[in-house]
Amino acid sequence: MHIQKMCHYPVFGLKEGILYQFRVRAVNKAGAGRPSKATEPVLTADPLEHTRTTVIKMDRGRTITITKDELEGQVKTPFPPTNVHACEVSDTYVVLSWTEPEPRGREPLTFYVERSLAGKSSWELASLDMVVNSPRFPVFDLVKGKQYCFRVRSINKYGVSDPSEPSEPISLGKPQAVPAPAHSVLAIRDRDTSVLLQWQEPKEKDDILGYYLYYSEAGKQDWKTVNNKPITKTRFIVHGLKTRREYVFRVKSVSRAGNSSYSEESVPILVKAAICVPSAPSAIALLLCTGSEMVLGWRAPTYNGGDPVRGYYLDQVEKGMKTWREVNIKPAKERQCRVCNLSSGHFYQFRVFAANVAGVGKPSEASEAFLCEKWTMPEPGCTYDLEFREVRNNSLVLLWAAPLYEGQSPVTGYLLEISQGDQSDDWTALNAEPISDTHYKVSGLQAGQTYRLRVSAVNEAGVGCASLPSEPVTAQTKPGTKNIETGVDNDGFIFLSYESDEMNDDSKFLWSKNYTEAIDAGRARTETKKNRSILTFTNPSEEDLGLYTVEMSDNANLSSSYDFTAEDLERLKELSWQVRNPLIALKSGWQVEVSEKGDVRLWLQTESLSNAAELRLIFNDREITSTPHRKINFDKTKGLVEILFDQLSQEDEGSYTAQLRDGRAKNQFTLVFVDQKFRETLALADANRHDHQRKSGPYFQEYLSWKINEDCELIIQCKVTNTNKDTSLKWFKDGMEVTQVVYEQSSGVSSLTISQVTKKEAGSYRAVVSDKRGEDVSTLDLLDNEYDNLLQQLSKQCALSAGPLSIQSTAEGFKLYSSLKYYISYLKNSWHFKEKRIDEEARTKTGSSMQKVWIEIFNPTENDKGKYTLEMFDGEETHKRYLDLSGQAFADALLEYQRLK
């Protein structure tokens, strides 16, 4: 015990993960006062991440706990240093070293060093003229043969701390060497998060003050310190490790002269709980009695000690006796034992021990006293061996064993009851009608609620006695719970798989059908890969349908089931066929493309293929390869198949089939390249090739064409491009050169203008543009229908140019007329008076010239007064002009006629 003058104190040596409480007594000359009220419980921090320090602070009679992190921001006057020792000793000086206070606060620290002769209580400054800024200081002016003690104080802007604990006595002499390291470091399995570490001291151990321990995950060389104060013993439990991780350890020796080098690393150790004896079995039940023999059953231990239970030992005692005696010398492998040589009419009690590789555990509680009397009741005996599987938030599966005593008739089914809570005797039936299986899925549970269950067997005589209640179970899905999954592997085999994150070296996956039936090895095989077990069907059929279950050999709580149905079988068989006969997926089917040069490309694209992919191209039932005329490309990375034709010909018409194989995957794709599709492609390719060839020199950007302008002129024109100064452009009509052509070289437009079209303009026109690079030809035939079309367009333009109807009086009568740009006979005319056609007669006469059409009316009278219409038909539509010859207009015209006459 240490009397502390300050009202705060660091407490070292605490274990991680433990709740501590503290209290404090005040001391004066008269003695110690009453203890303070205990602090609130404090949970220490992880020793591998933080210093295990809790500070006790007294404030007006109250005791307060402050953690290291909280204290850092509150420290004002500093704490004293610790672990003052000599790290170097010579004939003339001593080098002191110490550990800075913990916590040190946030203000800068310096130190005072004090010395005293050993055994004396007077102290003096050893650092009188020096400010010590680091936890290391040389002390001179010491007298040989005398022993000195040293202590250190911390200083910050708030003040000076109490002195540290004095060092061990130190005297001048030969320099002290650092100690040798510890050796034979051995890690021993302890718990799921801790390891017991042991080591051997070095031979020279007199000056050793303790040891520092270090650890790292195996293979990482990421070393962390275990303790912040030297450990004086040679064994220590290292806490805060991660379950199922491998660690290595090493040790340093500590003396006044300093620390040793590291010891050799320990052998790697996997962190998991050490093996110990199992806990006690429970729930001993009488399963059968013959009058001289009893068959007993019991519940397995809750904890197997980290190793599977290897057997059970049974003791018996007759009621009223005190001495227990062994029933079996050899351990019973099953949780059932037959006890012989009993006396009928006597009562017996039993207890059971479980044993594993670590030894025999504690006995169970004694059973109730069972009467040894032959069973003759007509109802069956009790079921036994109740176990849980697949415990989830809302459901669980209960398993049990059929009674050993069936009664006067075979067991026909089972009734189940459930009770909510740990001890309740309020039982509720789960099934109205007996079930024949020895397992049952209980649904509709409340998450987090605890339940017990029991089972009764039924025969023709009635319901037997109920089993002992099951152990309490909480409806809760554990984090990380996995379910059985189905699928098809890379070889096309159908499988069920189950994964467990909680496995030991001895853990095994146990597969069965309906919880109890063994898997037929001829129909399915199992294999384990790390923490995953796979049940693979050899040749799945309807024989393999049913409920499949799996559990861990050392932890039945890790379990799952899957009902393998006919629908699953059909679905997975289809997937299996696809895996075994995979198809190469198509991205784009056969495409046909024609380039501007007239080249033809046939192509298709699949998914990306491997370098081992193969291609066979079949054309009209025979395999083809690349030729000078036809090139075949196969880009496996892009999945691209190409057939390139520099000039498509009739011989290339037919069907093309690409047969692809990539490992087991294959597929084929056919292009039927015949008839109209082929002919259209061939024609387009020829046209593009010709067009490309002609464009290598000067060529017609616009071929010869004609048009009629508003002046009723015929204009024939074309446009050339890609010309140069040597380019020649000539026109011909019916083989004779036309010289009236206008050619603007800058725009490339060449034209021939004909002001009045006559029959001599009909014929074949030809334009040729050429230079040393090549030539191009354009033709225009103004013959037959094309010439008629020209006349129709010209007639239309002439009709559109016609002016309004006018009247001229003559000595013979009236002359009605319309002026045109010019008139051609293709334009058909007709005259109408008052909507009636005027036919040729003695009093009328029609006529035309190049610029005018007219009608003459002889000897006009009042009867010729009215509306006149000229209709001009251009071959497609009629154009009309009107004149209303009445009123003053008629009077004036008649007067002029009479005058001229």
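The values are calculated or read from the model by the stated rules, or taken from the named source; none is laboratory data. Because the structure is a prediction, the values reported are computed rather than measured. Using ideal geometry, Cβ is built from the backbone for each residue, glycine included, and neighbour counts are taken over all protein chains shown. Please note that ligands, DNA and RNA were not included when accessible areas were found on the heavy atoms of the full protein model with its side chains. Shrake-Rupley method; radii C 1.70, N 1.55, O 1.52, S 1.80 Å.
Annotations for the structure displayed:
- Heavy atoms of R694 accessible to a 1.4 Å probe, total area in Å² rounded to 10: 30
- Computed from the Cα positions only, the extents of the stretch 586-691 along the three principal axes stand at 45, 26, 25 Å, in decreasing order.
- Within straight-line cross-link reach of K144, aspartates and glutamates at Cα separation under 19 Å, skipping those fewer than 8 residues along the same chain: E88, D91, E114, E124, E168
- In this structure, the residue pairs whose Cα-Cα separation is over 32 Å, taken from K707/K845; K319/K362; K707/K815, are K707/K845; K707/K815.
- Shape descriptor for the chain: Rg over Rh equals 1.35 (Cα atoms; Rh from the Kirkwood inverse mean 1/r).
- Computed log10 I(q)/I(0) for the stretch 384-578 at 0.15 Å⁻¹: -0.99, from the Debye equation with unit scatterers placed on every C-alpha and solvent omitted.
- Helix 675-694 vs. the chain, principal-axis angle (Cα, 0 to 90°, nearest 10): 70
- The stretch 586-691: relative contact order as a whole-number percent, Cα under 8 Å and 6+ apart: 31
- Considering only the stretch 183-271, percent of DSSP beta bridges that pair antiparallel, nearest 5: 100
- Per-residue ellipticity at 222 nm from helix content only, as computed over the chain with -39500 (n - 2.57) for each DSSP H run of at least four residues, stands at -2500 deg cm²/dmol.
- The residue among S747, A683, S116 whose Cα reaches farthest toward the positive pole of the charge dipole of the chain, with charges on the beta-carbon of Lys, Arg, Asp and Glu, is S116.
- Restricting the GluC sites (Glu not before Pro) of the stretch 597-641 to loop positions (DSSP other than H, G, I, E, B) with no more than 16 neighbouring Cβ atoms within 10 Å leaves E607.
- Using the 1.4 Å probe convention, the accessible area of the stretch 618-750 works out to 58 Å² per residue with neighbouring protein chains retained.
- A DSSP coil position with no more than 10 other Cβ atoms inside 10 Å describes none of the chymotrypsin sites (Phe, Trp or Tyr not before Pro) in the stretch 279-343.
- Low-density loop cleavage sites - GluC sites (Glu not before Pro) in the stretch 678-719, where at most 13 other Cβ are within 10 Å (DSSP): E710
- Of K224/K482; K482/K529; K725/K760; K530/K666, pairs whose Cα-Cα distance is over 23 Å: K224/K482; K725/K760; K530/K666
- Acute angle (nearest 10 degrees) that the helix 887-900 long axis makes with the longest principal axis of the chain, alpha-carbon atoms: 30
- For the chain, a crude dipole built from +1 on the beta carbon of Lys and Arg and -1 on the beta carbon of Asp and Glu, taken about the Cα centre, is about 4420 debye to the nearest 20.
- Of all aspartates and glutamates in the structure, those lying under 19 Å Cα to Cα from K573, and not within fewer than 8 positions of it along the same chain, are E485, D489, D491, E542, E543, D544, D563.
- Relative contact order (%) - criterion: Cα under 8 Å, at least six apart; region: the stretch 696-782: 36
- Hits among lysines - C-alpha to C-alpha of K233 under 18 Å, sequence gap 8 or more where chains match: K15, K203, K205, K252
- Once C-alpha pairs closer than 8 Å and six or more residues apart are averaged by separation and normalised to the residue number of the stretch 183-271, the relative contact order reads 38 percent.
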